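**Q** Please read through the structure below; I'll follow up with questions.
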Amino acid sequence: MSANNEDLKKVTQRRRPHGPGARMMPGEKAKDFKGSIGKLVRFMGQFKAALVLAIIFAIGSAAFNIVGPKVLSQATTELFEGLVAKVGGTGGIDFDAIAGIIAATLVLYLVSAACSFVQGWMMTSVSQRTCYGLRRAIAEKIDRMPVGYFERNSTGDTLSRITNDVDTLGQSLNQGVTQLITSATTIVGVVIMMLTINPLLTGITVLILPVSLALIFTVVKASQKHFRAQQAMLGAINGQVEETFSGHAIVRAFNREQAVAETFGKTNAKLYESAWKSQFLSGLMQPIMNFVGNLGYVGVALAGSVLAVQGVITVGDIQAFIQYVKNFTQPITQLSQVGNVLQQMAAAAERIFAFLEEPELEAEKPTAKAADVDCDVEFDHVRFGYDPDKPVIGDFSAKVRQGQTVALVGPTGAGKTTMVKLLMRFYDVDAGAIRLGGTDIREFSRTDVRNQFGMVLQDTWLFNGTVRDNIAYGKLDATDAEVEAAARAAYVHHFITTLPHGYDTVINEDASNISAGQRQLLTIARAILADRRMLILDEATSSVDTRTEERIQKAMDNLMEGRTSFVIAHRLSTIKNADLICVLQHGDIVEQGTHEELLSLGGVYAELYNSQFEEDGVEDE
């Protein structure tokens with residue numbers, strides 16, 4: 001059994017769902033319940049008036065509902081005494097008095113319903129406005145977050161906070177807070193009303209409370225482990241389905257269909273086992289509470305009949321008291337459920353506020369405009385590390401004149417892409433400086449710096465929209481003619497015209513309805529349309545065939561003419577014409593010069609360049 005629990009723990013840690021469609025685990029608890037609730041309350045301070053009114057109306061709804069049985073009991077008493085008088089020949093039933101009592105009861109219940117409606121409307125408004133505010137705060141926070149955060153944390157986890165966690169908080173807030181108020185008000189109000197009827201019967205009813213609590217905690221304790229197991233297995237099965245679908249071609253290519261089906265079957269069996277146990281045990285709650293409530297009814301009926309015979313209470317009081325017994329046990333059950341809902345709300349709030357409290361980019365105070373300076377770039381003894389104690393760039397220095405094409409080459413991990421990130425101010429240097437036109441780029445705003453660059457990356461990014469919209473992302477006000485001209489320059493126009501709807505063809509959200517090379521051509525067209533003063537090309541032609549690469553290279557040469565360009569390349573044949581080639585190793589420049597100069601040195605660059613042909617020769621053999 002312990003081995004199974006250990007396996008379950010590992011699965012929970014590995015498979016715990018945090019994607020956009022994930023669900024908060026039943027019973028998942030916040031590490032700091034009070035702190036998380038406190039932060040939520042402070043955030044909701046802007047809705048203080050509406051929240052107070054919602055609480056007042058919730059209390060009012062419960063209060064009027066509680067008074068109803070006591071008033072209605074007078075009608076029962078009136079009817080009973082009238083029947084007794086009629087049988088005894090001393091009087092009759094006062095229907096006018098009964099009608100008045102029923103009318104008063106109806107008014108009470110109508111007022112209770114009206115209060116409940118207003119409370120529900122206001123609480124829904126507060127919860128949804130809270131969700132709206134939190135989503136907006138998260139969206140705005142994302143724009144202020146350093147790039148490093150998203151490199152350290154999964155995209156799915158961030159999406160889960162803005163979708164699943166906010167939704168969980170909103171639902172829990174709307175249901176949990178209202179239920180907590182009404183249940184607590186009902187319990188207190190019912191006890192008061194029962195005491196006004198008869199303290200002895202109240203004592204009998206209160207004895208139900210420890211029995212109810214003991215049974216509730218027993219069932220919850222027994223079912224909780226099965227709920228956790230159910231959620232863990234659900235996460236595992238979701239992960240298996242997602243992996244199988246996303247890697248469907250690989251599964252078939254390696255004939256792993258049977259193995260995948262067997263793994264799924266085992267997980268599904270465990271899910272079935274935990275699910276039926278958890279659902280069965282949780283389903284016992286209502287029958288148990290009904291049984292305890294019925295015991296209370298029996299006790300009240302027996303004791304009440306004795307007291308009625310003695311003339312201590314009336315028949316109407318007994319009828320009202322039995323209703324109060326029901327109203328007493330029901331909120332106890334609701335409070336046990338509310339505890340779990342509030343824990344979920346606190347857990348969601350904790351994750352949301354943990355994100356909102358993440359360190360942000362330092363506030364900017366730009367003193368210059370990048371558009372006003374030349375495009376000369378100088379790297380002056382640049383030092384940088386994602387972890388300051390482990391530098392990736394040791395002591396990088398280079399000067400690039402306006403209009404030059406600079407190629408950054410070197411083995412994987414040499415720091416080429418890191419230099420581009422520093423140039424774009426995705427990160428700031430730890431020491432030294434990067435200067436644009438003689439001015440430290442930290443004196444410009446990040447937006448201003450990035451407006452000077454057009455980028456084409458090896459990892460293409462297209463969004464769910466038309467081909468035209470994806471190209472125009474580089475210049476939102478571009479005309480159709482400008483979009484088409486950029487497409488022609490990137491040698492992608494012909495391909496676009498073969499699509500079902502041409503430039504109005506919709507690319508799906510993962511751009512899987514076009515090839516990798518076609519995606520890259522579209523991003524190149526986007527960069528051409530943006531027409532920025534400087535360019536960054538990171539393996540921009542890695543996904544196209546040789547013939548298309550040659551044509552794109554010509555377009556790139558035209559595009560880079562007069563612009564300062566930074567090219568990261570692994571295929572060194574594509575950067576032969578670069579004005580300056582910087583060879584990086586371990587974050588430092590070990591060689592720099594033109595293609596011919598570096599070959600003549602016979603150093604690192606020559607070794608890298610010649611190794612391409614040696615590898616080709618081995619493959620040919």
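**Q** When region 490-505 is examined, which residues are found to be crowded, with 21+ Cβ neighbours inside 10 Å and not β-branched (V, I, T)?
**A** Hit for region 490-505 is A490, nothing else.
**Q** Between L559, L599, which is farther than 25 Å from V392 by Cβ, at pLDDT 85 or above and outside any strand (DSSP E or B)?
**A** Of the residues listed, the single one that is farther than 25 Å from V392 by Cβ, at pLDDT 85 or above and outside any strand (DSSP E or B) is L599.
Residue by residue, here is whether (1) crowded, with 22+ Cβ neighbours inside 10 Å; (2) at pLDDT 85 or above holds:
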| site | (1), (2) |
| --- | --- |
| L457 | no, no |
| W461 | no, no |
| N470 | yes, yes |
| L476 | no, yes |
| A485 | no, yes |
| I507 | no, yes |
| S512 | no, no |
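**Q** Now for a separate question. If we scan region 359-371, do we find a residue that is under 25 Å from A569 (Cβ atoms), surrounded by fewer than 20 Cβ atoms within 10 Å (Cβ to Cβ) and at pLDDT 80 or above?
**A** No: region 359-371 contains no residue that is under 25 Å from A569 (Cβ atoms), surrounded by fewer than 20 Cβ atoms within 10 Å (Cβ to Cβ) and at pLDDT 80 or above.
**Q** Mind checking which residues of region 487-502 are touching a residue at least 24 places away in the same chain (Cβ under 8 Å), assigned to a helix (DSSP H, G or I) and out of contact with any His (no Cβ under 9 Å at 6 or more places or on another chain)?
**A** If the condition is that a residue be touching a residue at least 24 places away in the same chain (Cβ under 8 Å), assigned to a helix (DSSP H, G or I) and out of contact with any His (no Cβ under 9 Å at 6 or more places or on another chain), then A489, F495, I496, G502 are the ones that fit.
**Q** In addition: I'd like the residue in region 464-486 that is free of Cβ contacts under 8 Å to residues at least 24 places away in the same chain and not in a helix (DSSP H, G or I) and, out of all such residues, is farthest from A530 (Cα to Cα).
**A** T479
**Q** Being over 20 Å from S565 (Cβ atoms), assigned to a strand (DSSP E or B) and without any contact (Cβ under 8 Å) to a residue 60 or more places away in the chain, is that true of even one residue in region 456-463?
**A** Looking through region 456-463, none of the residues is over 20 Å from S565 (Cβ atoms), assigned to a strand (DSSP E or B) and without any contact (Cβ under 8 Å) to a residue 60 or more places away in the chain.
**Q** Now, a different point. Quick test for you: out of G304, G283, G296, G316, pick the one residue that is surrounded by fewer than 19 Cβ atoms within 10 Å (Cβ to Cβ) and either modelled with pLDDT under 80 or not aliphatic (A, V, I, L, M) (or both).
**A** Step by step, each of G304, G283, G296, G316 is checked, and only G283 is surrounded by fewer than 19 Cβ atoms within 10 Å (Cβ to Cβ) and either modelled with pLDDT under 80 or not aliphatic (A, V, I, L, M) (or both).
**Q** Can you pull out every residue in region 52-75 that is more than 18 Å from V188 (Cα to Cα) and touching a Phe, Trp or Tyr at 6+ places or on another chain (Cβ under 9 Å)?
**A** Correct list: A54, S73.
**Q** Take K399 and decide whether it is closer than 22 Å to V590 by Cβ and surrounded by fewer than 15 Cβ atoms within 10 Å (Cβ to Cβ).
**A** It is true that K399 is closer than 22 Å to V590 by Cβ and surrounded by fewer than 15 Cβ atoms within 10 Å (Cβ to Cβ).
**Q** Can you find even one residue in region 404-425 that is in contact with a helix residue (DSSP H, G or I) (Cβ under 7 Å, 6 or more places away or on another chain), at pLDDT 80 or above and over 30 Å from R563 (Cα atoms)?
**A** For region 404-425, residues in contact with a helix residue (DSSP H, G or I) (Cβ under 7 Å, 6 or more places away or on another chain), at pLDDT 80 or above and over 30 Å from R563 (Cα atoms): absent.
**Q** Quick test for you: out of E364, E350, E358, pick the one residue that is within 30 Å of S565 (Cβ to Cβ) and acidic (D, E). Show your work before the answer.
**A** On the way: E350 fails: within 30 Å of S565 (Cβ to Cβ); E358 fails: within 30 Å of S565 (Cβ to Cβ).
Result: E364 is the single residue among E364, E350, E358 that is within 30 Å of S565 (Cβ to Cβ) and acidic (D, E).
**Q** Continuing with the same structure: Please state which of the following conditions I581 fails to meet, knowing it meets all the rest: (1) at pLDDT 85 or above; (2) in the same structural domain as L499 (by TED's automatic domain parsing); (3) among the β-branched types (V, I, T).
**A** I581 satisfies all of (1) at pLDDT 85 or above; (2) in the same structural domain as L499 (by TED's automatic domain parsing); (3) among the β-branched types (V, I, T) except (2).
**Q** Answer yes if at least one residue in region 505-519 is assigned to a helix (DSSP H, G or I), of a type in the set (A, V, I, L, M, F, W, C), within 26 Å of H570 (Cα to Cα) and under 31 Å from the mean Cα position of the chain (by Cα), and no otherwise. Spell out the reasoning first.
**A** Keep residues of region 505-519 that are assigned to a helix (DSSP H, G or I), which gives 516-519.
Imposing the further condition that a residue be of a type in the set (A, V, I, L, M, F, W, C) reduces the set to 516.
Subset that is within 26 Å of H570 (Cα to Cα): 516.
Pick out the ones that are also under 31 Å from the mean Cα position of the chain (by Cα) and you get 516.
Looking for residues that are assigned to a helix (DSSP H, G or I), of a type in the set (A, V, I, L, M, F, W, C), within 26 Å of H570 (Cα to Cα) and under 31 Å from the mean Cα position of the chain (by Cα), one finds at least one in region 505-519, hence yes.
**Q** So F57 passes all but one of these: (1) of a type outside the set (S, T, N, Q); (2) modelled with pLDDT under 85; (3) surrounded by 13 or more Cβ atoms within 10 Å (Cβ to Cβ). Which condition number does it fail?
**A** That leaves (2) as the condition not met.
**Q** Same structure, new question: Can you give me the number of residues within region 338-388 that are within 20 Å of K39 (Cβ to Cβ) and charged (D, E, K, R)?
**A** Adding up the residues that qualify gives 5.
**Q** Determine which member of the set A354, A371, A349 is more than 33 Å from the chain's Cα centre (by Cα) and part of a helix (DSSP H, G or I).
**A** A371
**Q** Only one of F384, F396 is at pLDDT below 85, in contact with a strand residue (DSSP E or B) (Cβ under 6 Å, 6 or more places away or on another chain) and over 26 Å from M556 (Cα atoms); which?
**A** Values: F384 fails: at pLDDT below 85.
Result of the check over F384, F396: F396.
Yes or no, residue by residue, for (1) within 30 Å of Q518 (Cβ to Cβ); (2) at pLDDT below 80; (3) assigned by TED's automatic domain parsing to the domain that holds A485; (4) among the hydrophobic types (A, V, I, L, M, F, W, C):
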| residue | (1), (2), (3), (4) |
| --- | --- |
| G587 | no, yes, no, no |
| E591 | no, no, no, no |
| E607 | no, no, no, no |
| V618 | no, yes, no, yes |
| E621 | no, yes, no, no |
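The values are calculated or read from the model by the stated rules, or taken from the named source; none is laboratory data. Quantities reported herein were computed from a predicted structural model and do not represent experimental measurements. All Cβ positions, glycine included, derive from the backbone under ideal geometry; neighbour counts span all protein chains shown.
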